[in-house]
Amino acid sequence: MRAVVTVVGKDKTGIIAKVSAFLAEKGVNILDISQTILEDYFAMIMLVDMSGASEQLSVLATQCREMGEKIGMSIHLQHEEIFNAMHSI
């Protein structure tokens, strides 16, 4: 199963390292990643493979949100199909 991770917030050192290390610890493989900095704001979207994940998507989504709060970012993990449905017109 594939999922989408979005990360948004004020730019600071180590965001990509922290998020990717967390996902690796949980057995989540990053398939594609795009990031940009808009003035002082960091925005990243990742397409990930959840097939080797050590937790269910709902548990990892909560853990991502909690990690985001700790590092001052908004981090969301959602199933690829839900992400696509939310962003289609």
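Annotations for the structure displayed:
- Cβ charges +1 (Lys, Arg) and -1 (Asp, Glu), total dipole of the chain, debye: 160 debye
- Per-residue ³J(HN,Hα) for the stretch 2-15, Karplus 6.51 cos²θ - 1.76 cosθ + 1.60, θ = phi - 60°, Hz, x for Gly and Pro: 10, 9, 10, 10, 10, 9, 9, x, 5, 5, 7, 5, x, 4
- Formal net charge of residues neighbouring Asp11 (Cβ-Cβ distance under 10 Å; K, R +1; D, E -1): 0
- Non-local lysine pairs in the chain, meaning eight or more places apart or on different chains, with alpha-carbon distances under 14 Å, amount to 4.
- P(r), alpha carbons of the stretch 2-46 - 5 Å bins starting at zero, rounded %: 5, 21, 34, 23, 13, 4, 1
Since every read-out is calculated from the coordinates, none of them should be taken as a lab result. Keep in mind that this is a model prediction, so the values were computed, not measured. As a convention, Cβ positions derive from the backbone with ideal geometry for all residues, glycine included, and neighbour counts pool all protein chains shown.
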